[in-house]
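To keep things clear, I will list the structure first and then write my remarks on it.
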Amino acid sequence: MLKMILANLLRGPATTAFPRRPAEFPERFRGRPELDASRCENGLARCGAMSPSRLVVQSSKGANLDLGGCLFSPEEASACPQGAIRYTRDPRMAATRREDLITPGGEPAAVRALQGATRRLFGRSLRLRSVVAGSCGGCEAELVALGNVVFDLQRFGVQFVASPRHADGVVITGAVNANMELALRKSIDAVPDPRLVIAVGACAISGGPFAGSPEVGKGVPADLPVDLWVPGCPPHPITLLDGLLRLLGRLENGSRDRA
Amino acid sequence: MRFDQLGLRNRRSVPWSAVPLEPIASFRETVIAAVADGWRPAAFFGMPETGSETRLVAILAHDERGELGATSARVADGFPSLTPECPQVHLFEREIAEQCGVTPEGHPWLKPVRRHPPDHMVADRRAAPADREAYPFFRAQGAELHEVAVGPVHAGVIEPGHFRFQAHGEEVLFLEIVLGYQHRGVERLLESRERTGALLVAESIAGDTVIGHAEAYCGALEALARSRKSPRGQAIRGCALELERIANHLGDLGALAGDVAFAPGAAIFGRLRGEALNLLMTLSGNRFGRGLIRPGGVGFDVPPEMAAEARARLGALRAEFFRAADMLFDNGSVQGRFEGTGILPLRNCVELGCVGPAARACGMARDVRLDHPWGLFRFAHIPVATAPSGDVAARAMVRRLEVERSLEFLIEQLGALPRGATRAEAETLLVPDELAVAMVEGWRGEIVHVAVSDSRGGVRRWKVKDPSFHNWSALAVALPGNAISDFPLCNKSFNLSYAGHDL
């Protein structure tokens, strides 16, 4: 035990410097994707068909990137023969509104921080209940990692609790399958008002790789209001942290709150 | 031809016409006799044939000889269950009933597995609409007995599952586990999606076993396509598999520490798990290795500087790990909770067909890398880690040993990667009407993908068996006799996949 304490003292704290300093990612990290329209030839009509996911969506103005449909696979970028789609190393991807995830070039969306009463209630103390509804388990693994000594979600006053009745909001992962839809709705109902709903991962946003299976829907059902959408497959803990902190107003655009 | 004369092995494919088609009575005898004679059922599933009959297919494995066997039978509405004479097929038969709508008559515990309508049923039949929530629980009655229901939404940040305890005070008399809450329809997706889409589904069968399932998926596909494989690619695949094993075992040791309120252990192992995941991220761009395993090899190379950096990081990880493991295993209060808790008797382990660290913690030296080696593991061997006592302590010890040995293996192999391309030219066309089996020793145990191609070179059937399909039953068997407050610890000591079981 003494050897361990000594080793810890010598190594120093393990907690990431984020958000005081930007997090660093290795060269191959697939963060937020970008679309360089200048490289698009008139193949926009074929774009969506070539991609193995719903990353590329067509609009009246041409191709858009839908971060909520992205599975962050190399093939979604290499599907474009002109190399118009590439992944940046930017972990920032969360959005307050679903439509803000759909942009012409993959630009990071703005997260509107909580205002008024919910800001006062949750800004420095947020209790979340995780509900997993037809996932692969990857998003949950990263939500668990948020609680470790490296990311230390607790230092921001955010914690996961055992019951929705003790919670301020739910974090939904999974494509929302037939076997969990009822439990999901009941869990959300059990969270007292005011409450937050956070959709994490490609499955919760759009069905992920399972979209099209008769056993799942397209993620969180359309009738449920969602306060934060966090793309990823799975989202890196920094992406999760970035989104949560922006929602709580602890990380404004252009300024950094002290942790 | 007899079931064992096909020349079927891990990563091999055989013509579908070579698989024996026996009358059901003879099929039963073949399988039951084989299992009594040292074979074990690696997979057993149903496949609709045109018309109104379902084909039952059994894949048998002989670990000592490293051989696989296959046999099949046609059935209509039902067949006499094999389970009373061969308990190892108990859950496979329940799965056949659910997927194909065919009844294993006389099955002692015929209950739903994943609670979904049949998705591999012959075209002629219609399933009766069923209530997904209906499940006939076993109940114990008595004035001093009570029933505890947990889940599907339960405890911390964890996948959904339902646990029904019959308890007498603190002591659990009976535990019934109901799963299926993570059912997404994976097999039908693998059978119907185009190639890349199906690969992304395979990577998402169980999010903490991306490498294991992608390896098995690509292995079966490569066998069916007669793909060449690049030695360098296979070596990198083997390294990635071991890195996945290390990351998850480190996480498990931390979680076990957390469950006995040993905070330093939970903190340190949690951090070390992240180090291993970060290495996978350096290699593949994703903390779980998504994007790495691709047909023909791997999608990313490990250039010499990266290999050197990885070896240095693994060396540092190893030093920290030894200190952390000593701290955990030398701690009296931790071992007091671990030892004697959640014992899985060897007899049950064998009867249930348990695999992976849970089986090795009962003293069984069962490991696909040893018994049915493929790729890198045909050339480089990792000693199999076993422990004798079958309790939480043994399952923790097996994980510790596996981390140590895999770290050694990785540091060595990363310094000796074969030269050449990382990915051989992938064949896109599958040989028609063939059966292929790919087995992998995932970090939870044996993963099996069985693929059958159709007459046009498409996919006719894709069967996925996650190690948790065997081992969930082990948790239900190990818990009675323990205090209900030890349930989280026992559950964590097996650490089974909900998504891997539910598909």
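Assorted remarks:
- Here B:H154 fulfils each of the conditions (1) touching a residue at least 24 places away in the same chain (Cβ under 8 Å); (2) under 30 Å from A:I172 (Cβ atoms) apart from (1).
- Applying a threshold of 8 Å to beta carbon distances and a minimum spacing of six or more residues, or different chains, the list of pairs starting in the range B:440-454 at a residue that is farther than 18 Å from B:V186 by Cα and ending at one that is at pLDDT below 95 reads B:R444/B:N495.
- Subset tally (residues that are assigned to a loop (DSSP other than H, G, I, E, B) and either surrounded by 10 or more Cβ atoms within 10 Å (Cβ to Cβ) or touching a His at 6+ places or on another chain (Cβ under 9 Å) (or both)) for the range B:134-146: 8
- B:V384 at pLDDT 95 or above and in contact with a strand residue (DSSP E or B) (Cβ under 7 Å, 6 or more places away or on another chain): no
- Segments classed as helices (runs of 4 or more DSSP H), wholly inside the range A:1-96, with at least 1 members that are within 14 Å of chain B (Cβ to nearest Cβ), at negative phi and modelled with pLDDT under 85: A:2-11, A:44-50
- Odd one out for A:F210, checked against (1) in contact with an Asp or Glu (Cβ under 9 Å, 6 or more places away or on another chain); (2) buried (at least 21 other Cβ atoms within 10 Å of the Cβ); (3) not small (G, A, S): (1)
- Of all residues in the range A:138-167, those that are more than 7 Å from chain B (Cβ to nearest Cβ) have Cβ atoms under 6 Å from Cβ atoms of residues that are of a type in the set (S, T, Y) and in a helix (DSSP H, G or I), 6 or more apart or on another chain, in A:P164/A:S187.
- Pairs linking a residue in the range A:98-119 that is under 17 Å from A:R195 (Cβ atoms) to a residue that is exposed (fewer than 15 other Cβ atoms within 10 Å of the Cβ), with Cβ atoms under 6 Å and 6 or more positions apart or on different chains, are A:T118/A:P194.
- Filtered residue count, the range B:86-110, keeping only those that are touching a helix residue (DSSP H, G or I) at 6+ places or on another chain (Cβ under 7 Å), assigned to a helix (DSSP H, G or I) and hydrophobic (A, V, I, L, M, F, W, C): 1
- All of (1) more than 7 Å from every other protein chain (Cβ to nearest Cβ); (2) part of a helix (DSSP H, G or I); (3) touching a helix residue (DSSP H, G or I) at 6+ places or on another chain (Cβ under 7 Å); (4) farther than 24 Å from B:D252 by Cβ hold for A:L182 with one exception: (3).
- Sole residue being in contact with a strand residue (DSSP E or B) (Cβ under 8 Å, 6 or more places away or on another chain) and surrounded by fewer than 23 Cβ atoms within 10 Å (Cβ to Cβ), chosen from A:C70, A:C40: A:C40
- Taking the conditions (1) within 14 Å of another protein chain (Cβ to nearest Cβ); (2) surrounded by fewer than 22 Cβ atoms within 10 Å (Cβ to Cβ); (3) closer than 30 Å to B:G390 by Cα in turn, B:E309 satisfies each one other than (3).
- Checklist (1) in a loop (DSSP other than H, G, I, E, B); (2) touching a Pro at 6+ places or on another chain (Cβ under 6 Å); (3) among the hydrophobic types (A, V, I, L, M, F, W, C); (4) closer than 29 Å to A:L65 by Cβ applied to A:V191, failing item: (4)
- Matching residues in the range B:260-286 - criterion: being in contact with an Asp or Glu (Cβ under 8 Å, 6 or more places away or on another chain) and facing chain A (nearest Cβ under 7 Å): B:T282
- Of all the criteria given as (1) touching a Lys or Arg at 6+ places or on another chain (Cβ under 7 Å); (2) in a helix (DSSP H, G or I), the one not satisfied by B:E427 is (2).
- Residues within the range B:326-340 that are under 13 Å from B:A393 (Cβ atoms) and within 11 Å of another protein chain (Cβ to nearest Cβ), tallied: 3
- Of all the listed residues (B:V113, B:V122, B:V57), the sole one being touching a strand residue (DSSP E or B) at 6+ places or on another chain (Cβ under 6 Å) and assigned to a loop (DSSP other than H, G, I, E, B) is B:V122.
- Unique match (being of a type outside the set (A, V, I, L, M), under 20 Å from the mean Cα position of the chain (by Cα), at pLDDT 95 or above and assigned to a helix (DSSP H, G or I)) among B:G258, B:G274, B:G238: B:G238
The values are calculated or read from the model by the stated rules, or taken from the named source; none is laboratory data. Note that this is a predicted model, so its numbers are computed, not measured. Positions of Cβ are generated from backbone atoms using ideal geometry, with glycine treated the same way; all protein chains shown enter the neighbour counts.
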